[in-house]
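**Student:** I am attaching a structure below and will ask some questions about it afterwards.
The values are calculated or read from the model by the stated rules, or taken from the named source; none is laboratory data. Quick caveat, the model's predicted, so the values are computed rather than measured. Note that we place each Cβ from the backbone using ideal geometry, even for glycine, and neighbour counts take in every protein chain shown.
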Amino acid sequence: MVTRILSIAFCSSCLLATLLAQVQGQETPQPAQGSRPTQVKRLYIEERIKTTTGGSVHCDTVGNCYSHHGSQSTDVSLEVTREVMKKCPSVLAVTDNHDAADYDLRLSPGSSTLYKQNGDVAYISPTRYKISNIAKDVCEFVASHP
């Protein structure tokens, strides 16, 4: 039983189905003939914080003026990480280890650039901090370029 579970653990695409079948007492499903398991690529996302600031002045009828200044920061890289993990976990795994990554995503306000591990540009996403579009573009590119 232990040997069987260990040998099945290497087939990540059928592990869950195998365990469920064993629990339910069914025969273990096998991967389709000729199908090649998709290799998950590792993605490093450069840290990017987007800060917006604003101010306003309000004057009352007596002539007293009051100002208000505020700023808001958004962690764009964290939001992109969430979207990538949600949209394509079978294609990309986000890593914090830059040296182990297959791709490096550098976020910028005009467009974001995806680099290969060797530093060559692989893809430029034309989206402007639209998080869901950046994630979708990067996932589609990596899925279509194994």
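**Student:** Can you tell me which residue in the stretch 71-119 is nearest to Lys130 (Cα to Cα), limited to those that are over 9 Å from the mean Cα position of the chain (by Cα), at pLDDT 90 or above and of a type in the set (Asp, Glu)?
**Tutor:** Among residues in the stretch 71-119 that are over 9 Å from the mean Cα position of the chain (by Cα), at pLDDT 90 or above and of a type in the set (Asp, Glu), the one nearest to Lys130 (Cα to Cα) is Asp104.
**Student:** Assess whether Val138 counts as being in contact (Cβ under 8 Å) with a residue 40 or more places away in the chain, in a helix (DSSP H, G or I), under 20 Å from Gln39 (Cβ atoms) and hydrophobic (A, V, I, L, M, F, W, C). Don't jump to the end; show me each part of the working.
**Tutor:** Numbers: in contact (Cβ under 8 Å) with a residue 40 or more places away in the chain: yes; in a helix (DSSP H, G or I): yes; under 20 Å from Gln39 (Cβ atoms): yes; hydrophobic (A, V, I, L, M, F, W, C): yes.
Criteria met by Val138.
**Student:** Scan the stretch 124-138 for residues that are more than 15 Å from the chain's Cα centre (by Cα) and at pLDDT 85 or above and jot them down.
**Tutor:** Ile124, the sole residue that qualifies.
**Student:** Here's something else I'd like to know. Among the residues of the stretch 1-24, is there at least one that is within 28 Å of the chain's Cα centre (by Cα), surrounded by 10 or more Cβ atoms within 10 Å (Cβ to Cβ) and modelled with pLDDT of 50 or more?
**Tutor:** no
**Student:** Any idea which residue in the stretch 54-112 is surrounded by the fewest Cβ atoms within 10 Å (Cβ to Cβ), counting only those that are touching a Ser or Thr at 6+ places or on another chain (Cβ under 6 Å) and among the charged types (D, E, K, R)?
**Tutor:** Checking each candidate, the answer is Arg106.
**Student:** Here is a follow-up. When the residues of the stretch 64-88 are narrowed to those that are of a type in the set (Ser, Thr, Tyr) and in a helix (DSSP H, G or I), which ends up nearest to Val142 (Cα to Cα)? I'd like the intermediate steps shown before the answer.
**Tutor:** Here is the first cut: in the stretch 64-88, the residues of a type in the set (Ser, Thr, Tyr) are 66-67, 71, 73-74, 77, 81.
Next, only the ones that are in a helix (DSSP H, G or I) stay: 77, 81.
Values: Ser77: 18, Thr81: 15 Å.
If we take residues in the stretch 64-88 being of a type in the set (Ser, Thr, Tyr) and in a helix (DSSP H, G or I), then Thr81 is nearest to Val142 (Cα to Cα).
**Student:** Looking only at the stretch 89-101, count every residue that is over 17 Å from Ser125 (Cβ atoms) and either acidic (Asp, Glu) or not in a loop (DSSP other than H, G, I, E, B) (or both) and tell me the total.
**Tutor:** 6
**Student:** Output the number of residues of the stretch 102-135 satisfying the condition of being in a loop (DSSP other than H, G, I, E, B) and more than 18 Å from Lys41 (Cα to Cα). Can you show your working first?
**Tutor:** Pass one, the stretch 102-135, residues in a loop (DSSP other than H, G, I, E, B): 102, 107-111, 117-120, 126-130.
Filter again for more than 18 Å from Lys41 (Cα to Cα), leaving 107-111, 126-130.
So the count comes out to 10.
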